Structure formats: C-alpha cells, structure tokens
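The values are calculated or read from the model by the stated rules, or taken from the named source; none is laboratory data. Quantities reported herein were computed from a predicted structural model and do not represent experimental measurements. FYI the Cβ positions are ideal-geometry reconstructions off the backbone, even for glycines, and counts take in every protein chain you see. Areas reflect the complete protein model, heavy atoms only, side chains present, ligands, DNA and RNA absent. Shrake-Rupley method; radii C 1.70, N 1.55, O 1.52, S 1.80 Å.
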Amino acid sequence: MKNENNINKRELPLIPLRGMTIFPNMVVHFDVGRDRSTKALEMASMAESEILLCTQIDAKTENPKEDDFYHTGTIAKIKQMIRLPGGTVRVLVEGLHRGVIQEFIEEEEYLSARVEEFIDEEKDSDETLEIQAAMRVLESEFERYISLNDRISPEELITIKEVEKPGRLADLIASLIDLSTEKAQIIIEAFDFQVRLESLHAILIEEIEILQIERDITKKVQKNISTVQKEHYLKEQLKVIQGELGDGNSIEEEVDEYIEKIKSLQLEEEIEEKVIKEANRLLNISPHSAETGVIRSYLDWIVELPWNIEKEEKIDIKESKKILNEDHYGLEDVKERILEFIAIRKLTKSIKGPILCLVGPPGVGKTSIAKSIARSLNRDFVRMSLGGVRDEAEIRGHRRTYVGAMPGKIISSIRKAGSKNPVFLLDEIDKIGNDYRGDPASGLLEVLDPEQNSTFADHFLDIPFDLSKVLFLTTANTTSTIPAPLLDRMEVIDISSYTEEEKLQIGIRYLVPKQLESHGLKEENIQISEQALRDVINGYTREAGVRNLEREIASLCRKAAKRIVEEDIETVRITTANIENYLGIKKFRQDTLFDENRVGVANGLAWTSVGGTTLSIEVNSIKGEGKVQLTGKLGDVMKESAMAGISFIRSYAEEFDIDEDFYEKKDIHIHVPEGAIPKDGPSAGITIATAVISDLTDIPIDKQVAMTGEITIRGRVLPVGGIKEKVLAAHRLGIKKVIIPDQNKRDLEDIPNKIKNDIEFVLADSMEKVLEHALVRSEE
Ligand code: ADP
C-alpha cells in the first residue's frame, strides 16, 4: 500500500539487471561483470550494504542510460560477495522492498539514485474478503501451473500455503514462475495488493495456457514418432516372418493367387465375379487394416469349401447289409429299415424323401449306425451336435460386419467333410434351443428342405451353397421335444435300450475286439471271462446303451497292457474274482427288492429319455382333515394323475372296505423317493392308487410285482409308452410279475423271449384286476 507512512526516501547505488527481475523477499545470487555495477556493489557494501536493483528494458544494452531501465525495482540487501577469476563478482542478495527512482544520479564510476522505498505493510485488516478470494484463486491456479511445469518442485506449494500476507504471496509466486521481464515488471509495479494479486492471476492463466499448448505439441510429436516407429517395427517383423515362411509375396501376387484358386472352383459366373471383386478389394485397402484380415479369412473359407467336389456314391444293398452287420450286433429291425431306405434311394435316384431320425437313449449305437451308412454308400461322414444350439447364427453364421464373424456350423462341417455330398449327422435334434437370439429350428428347416437347400445362404459366405446332395440323418433321445415342423419331415426309427444279454454279446463280439485293436493288444493278451463281463455290465455301469461298458472295457485293456509291459507276462486273465483289482470297487449294487411285502409301498415303472427305471411309491396316511400331499419333485401331470386315483378310491371306497369318510378324516402323503430326479407323466397312476388303497386297507403289496398304467376316475387302466424299456428295468431288478395296461398288449411282441420266460405279464383293463395281482390278501 502506498501511503505516507510506509515510504522512506533514500539514496542508493543502483545496478541495472539484464534479463532478470528480483522480488522482495527473494534470496538469489547473480554474477556482476560490468565495471559500473561492481563499483556500485563496492559502494553499497561500504555503506548499509543495500542496493537498488532495476531491470533493463533491453538486456542487450551495454551501457544503460536513465531511460534504458525501469524506474521501479527492488531494494536488496547484499549478503555475500565473491570475486571470481576474470573480475566477475558473484553476489548473494535478499530482496527487501520495492523502490521507485525519484532522481537518477550518474556518478562517474557507478550509477545511483534517490529512491522512494515502499514497505508492504500488511495488516490483518487489509485482508478483505476480496483479497482472500483472490489469494485462494491464485493458489489454486499456481497448483495447476505446477502440475504442468516439471521444473518447479511440488514442495513449493507447501511454502506457498504457509504464506498469509497477500503482497508477499504474489511476490513469492511471481518469483517462482518463469516470467518475461515485462510481465515481472507489471508485478513489481503493482503496489496495491488487490491489483498485484489480480495482475498475477491474469499472467498465470496465460502461462498455464502456454504450458498446455506446449505439452500438446510435445505429445503430438511423440505420438507421431512412436506410431511411425511402431509401424516400421511391425513391417520389419512382418518381413522377417514372411521370410521365415518363404512367402515374401506382395499383395498383388497374393490376390493373383486367390483369383486363380477361385477360378478353379468353377463357381457360377455371377458368384465368381462377386468373389473376385472381393479379392481385388485387398489391393485398395491398407494391408495393415483390420478389414484385410476379414477379407482374407473370407477368401480362405471360399477357396477351401468343396463347391464341386463330390464323392461317387455306390448303392449296393448286399454290401450295405454286410457293413451294417459288421459294425452292429442285433438291431435287426433298425438295419432292415435302413436297407429299405437305401433301396428306395437307389430306385428313385433322389434324396427328396424323408429324413431318417434315429431315436433312442444314449450309447445304443445311433452315431455308429450313421457312420456305417456313410461307409456303405461310400460317402464322407460328418457330425454336428445341435445340443444347446440356441442362436440361429450358429446354424447360419454371422454377417461379416460382425466382429470375429465366422460361417455357421453347417458350412464349417461341410468344409470338414471335404465333399459336397457327405452323410451329415445332425446329433441331438431334440435338444435344440429356442430363445430371443432367433429360432435355430427354422434355420434347420431350410437346411433340411430339399426345395430350398440347393441355395443355402450362410450369412458369412453371402453366396449360396448347394446342400441338396447332402444326405442328412438326425438323432434324438426322444421325439417329444423335437419341434413339430421338423418332426414332420422325419421318418423315426426307434432304437431301444439293450438287455443284459445283448450288452454281453455286443461286449464280446464288438467292443472287446475293437478295444484290443486300438490298444495294440492281441487276442491272446487278455482274456475276459463272460461272468467278469457281466460284472462290468451290472457292477460298473447303469445305462441303456453300451457307452460306459465300452469305456470300462477300454480301461481294462489299458491296465492289462500296462501289466504286460511292466511284468513281462503273456496273458492277463480277468475274472469275477479279480475284476475289482482292475476297475476298483463296484459302483452299483444290483437293485434289490424289499425283503418283505409292505403296506403302502408299490413298485412303479418309469421311462426317461435315458431308458427305463423302477420307481418305488410310498404312501402314508395319518389323522387329519383330508389333505393330499405329494412330494418328490413331481410334475403336474403326475400330480393330476394321483388326484384321479384318489377320486376313484372315494367313489369305490365301500367295495374296498375303506372308511367312506377317509378323505375327511385323514391326510394322505404320497412320496416318490429319489427326490432330485424330476418325474412326470400319467403312467404312475395305477401305482399311486394301489399304494393308497394298500395303506388305507392295511393290505400289503406283493414285493415282486411292478406296474405301469394310467388311471381314470372310474378306475379304468389306460395305455402308456416305453413298455419295453420299463420291462427291461423291471427285469434288472428281479421283478417276477409286471402289470401293464391291456391296450399295451402289442408291445409285448418287442420283449425278448428270455425276459418273457422270467417275468409273468398281467394285462389289466381295470383297477380291480391290478389290485387282484398286486395285493397279498392271503396274508390278511
Ligand atoms: P449313440 O450315438 O446312440 O449315443 P454311439 O453310436 O456313440 O451311441 O455308440 C456308443 C458305442 O457303442 C459305439 O462305440 C458303438 O459302436 C457301440 N455300439 C452301440 N450299439 C452297438 C451294437 N448294436 N453293436 C455293436 N456296437 C455297438
């Protein structure tokens, strides 16, 4: 603040500074070379050691006159002077206060001036709100400045934060930043704190902007340098790789090669043109762009597809029969149907017939039959699983604009097959999904439709591929979940599960020889006794097919091979006695029947997609108010069927000697154990009714009886599916009598004779008949 009280008038020696400004409170050293300046220093040191430092307007002026320097400067105290060689003096000064020249005195040997000294009198009362705000703004701008300027240590910020006086703060910041002499002079000449703070703020903002621009420029330059370097580096690398691969081809050569290959495909003219156009695009885009990769992968797909490669088909029924028999035991009906199918193809010379669908539990030979069909027709074989396919794009591919696009599974399978007329097995067509990603079944319909599939459009290829020569076959575990429009086009061939006898024969005749061969063993190396093989079937596997049986046989072969090599023996014999040494403890115990006839427990028979199983149904009634509770993960149909049974019992209670009010006085709990397995369907109807009646009448159920059949509320027994599978399951359990609906009589024809000898079949049309055979009244 400029007022009379804080102004001292004094005469001081003067040094014009070149290119620098010294602020009050600043301690610096600088070198003094000019004679007049060293003299001034000397004069000063002889008096109070104080001196006026003013900045020259032009640093180059050698002998500054009155108008060559600013008349406002800083009065400083000389702290130290060192004479350097060559006459230069290094001086350490501390800025004290601002000084304004009143009168310039040019002495002979040095300059001096009469000076008005202004002392910043900073009292708390000076700190108006405005000043405080200006201080804060300045501090934060300075922080920004520091973040952009690496030359100032961030520690200075701490010093700044400690300064409470506005004038001093501005001077300190001004002394820290890199200011031109003109800008520094503006601050030196700002006596008023508010003005000083604001002027410095304006300057600081300008400086920050300059720094930012500088920074951007540096960044750009750096980036330019690094992308140029990177590209160069990659190009060099590419050259090395190409050199290694021996293909230093230029893009032109590459495109020529593609075109040559495309021409050899003998595509239709229009399509060929389209593909060649695509190849030529490679010439016009940067070889390093992502698009080049997409085009290359597209062209690679095109040239590798068997557009016109067709294997010559041979249809010879005798030969086909021989091959089917060579590969499969039993399955007489299935083989017969397949031979008929082949014969019709030969006669009509067309494949526009229905599509075969082999339906049966896993491991019964569906895939291997399809392979045999391919072999017997001299066609390639390819298999594609539809299990879990939910997205239409999996069938038809993605458009090329999609990142990482690929052709669909149909086209990739065809490439794998290597010819355009393979036998193409669509596995697990019953497991195809359907959700928001589009309906894969409709894509499949197009694939299977002989009217449409000669121009099958994969989204990725974007040009039609002829699928009309492909022989499609399908497999499924059950027809119930195959979408109806697909099922319509198919001719279903059922393959049911194998009996123990059949498994044994398949094991002896097919699986053991096959595994011996693939393990490099000779027939004399391993002898598996028939009983041991039965043990494998019953103790280590529980399945409808023979997949696990084959796996266990493979495991036996591996272990035998190991012993032969390690112990140098000729033959390994596997018997019932030592089988556990090879396969470990048996995983399954033979299902056993209850030891005694029980009340309220009945043997049901169920059929699942993996074969038949036995199901025991338990009923318990307790005093209550007529509630019926069903537990054991039962589906709605099964629950309804249970209610139908109860309804029947209510109307016929008297005949069964059951208390007529049972449904009011008792709670009935029906439970089907093995709760984790979902169970549904109406076929447990008669079993549930039998168990309830047994419980209410206290008459036990014959433990050797098993049953299946739907019940009506009038007690009639209706037919159900899966009889053969269910009977096989009952046989495994050792059941002696099986009750089936009268209308399922025809299914008995499929039951092997051996089983018919072991089991008595009861054909029931009513609940009376069921109860007659199931309940053990004699024990009453
Ligand atoms: P699926 O396709 O029905 O699940 P696979 O065709 O994969 O069953 O059959 C599993 C294994 O069992 C194959 O090695 C197959 O050769 C063999 N196999 C199945 N059934 C027979 C059979 N009747 N005769 C000979 N081997 C069979």
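Things to note:
- Placing +1 on each Lys and Arg Cβ and -1 on each Asp and Glu Cβ, with no other charges, gives the stretch 284-374 a dipole about its Cα centre of roughly 280 debye.
- The chain, relative contact order in percent, only Cα pairs under 8 angstrom and at least six apart counted: 7 percent
- For the stretch 285-422, the Cα-based Rg and Dmax, in that order, read 19.1, 63 Å.
- Whole-percent P(r), the stretch 272-337, all Cα pairs, 5 Å bins from 0: 3, 12, 15, 11, 7, 6, 6, 7, 7, 9, 8, 6, 1.
- For the chain, DSSP calls about 60 percent of its internal beta bridges antiparallel.
- Computed from label points 7 Å out along Cα-Cβ, the spacing between Arg114 and Arg547 is 11.5 nm.
- Normalised contact order of the stretch 22-101, rounded percent, pairs of Cα under 8 Å and 6 or more residues apart: 42 percent
- Computed from phi, the 3J(HN,Hα) profile of the stretch 214-220 under the Karplus parametrisation 6.51, -1.76, 1.60 (θ = phi - 60°) reads 4, 4, 4, 4, 4, 4, 4 Hz, with x in place of Gly and Pro.
- Here the stretch 463-614 is treated as a sphere whose radius is the Kirkwood value from Cα pairs; by Stokes-Einstein at 4 °C and 1.567 mPa s it diffuses with a coefficient of 69 µm²/s.
- A 1.4 Å probe run over the chain, with the rest of the protein chains in place, finds 52 Å² accessible per residue.
- Taken one residue at a time, the phi angles of the stretch 744-750 give Karplus couplings (6.51, -1.76, 1.60, θ = phi - 60°) of 9, 3, 5, 5, 5, 4, 7 Hz. Gly and Pro are set to x.
- Legend: residue pairs Lys503/Lys633; Lys562/Lys587; Lys366/Lys724, Cα-Cα distance threshold 29 Å; pairs beyond threshold, Lys503/Lys633.
- Degrees between helix 723-733 axis and first principal axis of the chain (Cα, 0 to 90, nearest 10): 90 degrees
- Whole-number Å³ per residue for the convex hull built on Cα positions in the stretch 641-711: 101 Å³
- Taking packing as the residue-averaged number of other Cβ atoms within 10 angstrom, the listed peptides 209-221, 168-180 run from highest to lowest as 168-180, 209-221.
- Taking amide H as placed 1.01 Å from N in the peptide plane, the amide H of Asp494 sits under 5 Å from that of Val359, each at least 5 places away or on another chain.
- Relative to the longest principal axis of the Cα atoms of the chain, the long axis of helix 166-176 makes an angle of roughly 80 degrees.
- Highest-first packing order for the peptide set 618-628, 39-49 is 39-49, 618-628, based on the mean count of other beta carbon atoms within 10 Å.
- Whole-number D in µm²/s for the stretch 629-780 (Stokes-Einstein; Kirkwood sum over Cα pairs; 20 °C, 1.002 mPa s): 135 µm²/s
- In the stretch 420-508, the chymotrypsin sites (Phe, Trp or Tyr not before Pro) that fall in loop regions by DSSP, at most 15 other Cβ within 10 Å: Tyr436
- Furthest towards positive pole of dipole, Gly624, Val705, His71, structure part the chain, Cβ charges: Val705
- Ile528 long-range amide H proximity, modeled H, under 5 Å: Ile574
- Distance from the alpha carbon centroid of the stretch 318-397 to that of the stretch 412-461 works out to 16 angstrom.
- Taking a ≥ b ≥ c as the square roots of the eigenvalues of the Cα gyration tensor, the stretch 111-218 is oblate, since a/c reaches 1.5 or more and a/b is not larger than b/c.
- Restricting attention to the stretch 674-780, close to 35% of DSSP beta bridges with both partner residues there are antiparallel.
- With only the Cα atoms considered, the stretch 1-117 has a convex hull volume of 99 Å³ per residue.
- For the stretch 343-386, with all protein chains in place and a probe radius of 1.4 Å, 58% of the accessible heavy-atom surface sits on carbon or sulfur.
- When each of the peptides 762-772, 706-716 is scored by the mean number of other C-beta atoms lying within 10 Å of its residues, the order from highest to lowest reads 706-716, 762-772.
- Calculated from backbone phi, Karplus (6.51, -1.76, 1.60) coupling profile of the stretch 511-520 in Hz, x at Gly/Pro: 6, 5, x, 5, 6, 4, 4, 6, 9, x
- Dividing the alpha-carbon radius of gyration of the chain by the rule-of-thumb value 2.2 N^0.38 Å gives 1.81.
- Dividing the summed -39500 (n - 2.57) terms of all DSSP H runs of n ≥ 4 by the residue count of the chain sets its mean residue ellipticity at 222 nm at -13000 deg cm²/dmol.
- At R0 = 41 Å, FRET efficiency that the Cβ-Cβ distance of Asp256 and Lys219 yields, to 0.05: 0.45
- Loop sites in the stretch 730-765: trypsin sites (Lys or Arg not before Pro), DSSP, at most 16 other Cβ within 10 Å: Lys736
- The stretch 60-114 - Rg (one decimal) and Dmax (whole number), Cα, Å: 13.2, 36
- For Leu96, distant residues with modelled amide H under 5 Å away: Asn25, Ile75, Ala76, Lys77
- Once the Cα atoms are used to define both axes, helix 685-697 deviates from the longest principal axis of the chain by about 80 degrees.
- For the stretch 257-343, applying the loop criterion from DSSP together with a ceiling of 10 other beta carbons within 10 Å to the GluC sites (Glu not before Pro) yields Glu312.
- Relative contact order of the stretch 624-711: 42 percent, from C-alpha pairs under 8 Å at least 6 residues apart in sequence.
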